[in-house]
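Since the structure comes first, as structure tokens, the remarks are kept for the end.
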Amino acid sequence: MTSRRYPNERQGAFAERYVAESYGLAHVPNEANWYDCVHPRGTKYEVKSTHETLASGAAGRFRLWEDQHRSLTAAEGAEGQTAWYAFVLFDDSDNVVDVVRRKPSTVTEIVGGEWNDAGHAGRSGRQHKIPWDQIF
């Protein structure tokens with residue numbers, strides 16, 4: 001199980017394994033920086049997770065990275081390839097509430113071209129944070 005007290009990496013790793021088991025995917029977190037799991041037919045999955053409410057009391061949100069999104073969108077558009085985002089939502093007791101898949105093109109519509117400098121320790125690049133209720 002995950003915990004809101006643990007770093008995002010632990011929550012993310014749990015969500016990746018959960019999605020892999022749920023969809024019959026290979027969990028390959030170190031294969032590329034733009035996807036976490038692969039279907040036997042080659043479909044790439046990038047897993048994102050959040051809690052309904054963060055430890056701070058704020059509403060949960062999914063952090064997307066522009067470089068990953070570009071790669072997923074390119075894979076979705078390439079002939080014979082498919083790519084998905086898998087969004088995992090946890091409740092305040094660290095239970096999985098739901099998992100939904102969204103095509104990168106659908107996520108592009110949600111993001112609306114609004115990418116911001118991350119200012120995030122350990123990861124440079126541009127990001128977009130999507131409130132969980134815009135996905136579910």
Over region 88-136, average the accessible area per residue using a 1.4 Å probe and give it in Å², no decimals. 57
Dipole magnitude (debye, nearest 20) for the chain, charges at Cβ of Lys, Arg, Asp, Glu: 140
Under a point-charge model restricted to the Cβ atoms of Lys and Arg (+1) and Asp and Glu (-1), what is the dipole moment magnitude of region 37-115 relative to its Cα centre, in debye to the nearest 20? 280
antiparallel share of DSSP beta bridges within the chain, to nearest 5, in %, is 70
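Highest first, please rank the peptides 104-117, 36-49, 71-84 by the mean number of other Cβ atoms sitting within 10 Å of their residues. Could you put the intermediate results ahead of the total?
On the way: 104-117: 13.6, 36-49: 19.7, 71-84: 15.6.
Ranking, from highest mean packing down: 36-49, 71-84, 104-117.
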Once the dipole of the chain is set up with Lys and Arg at +1 and Asp and Glu at -1 on Cβ about the Cα centre, which of VAL96, PHE14, PRO29 lies farthest towards its positive end? PRO29
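Rounded to the nearest angstrom and ordered from largest down, what semi-axes does the equivalent ellipsoid of region 38-109 get from its C-alpha gyration tensor (root of 5λ)?
26, 13, 8
Do the sum for the chain: with -39,500 (n - 2.57) for every DSSP H run of n ≥ 4, divided by all residues, what is the mean residue ellipticity at 222 nm, to the nearest 500 deg cm²/dmol?
After summing the helix terms and dividing by the residues of the chain, the value is -8000 deg cm²/dmol.
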Could you work out the percent of alpha carbon pairs in the chain separated by over 20 Å, rounded to a whole number? 44
On the protein heavy atoms, probe 1.4 angstrom, tell me the percent of accessible surface of the chain carried by carbon and sulfur. 43
Region 1-117 - percent relative contact order, Cα under 8 Å, separation 6 or more: 22
Full extension between ASN33 and LEU54 adds, at 0.36 nm per residue less the Cα distance, a length in nm of 5.0 nm
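The values are calculated or read from the model by the stated rules, or taken from the named source; none is laboratory data. Worth saying up front: this structure is predicted, and the values here are computed from it rather than measured. When we count neighbours, we look across all protein chains shown, and the Cβ atoms used for this are built from the backbone with ideal geometry, even at glycine. The protein model used for the area step is the full one, side chains on, heavy atoms only, and it has no ligands, DNA or RNA in it. Shrake-Rupley method; radii C 1.70, N 1.55, O 1.52, S 1.80 Å.
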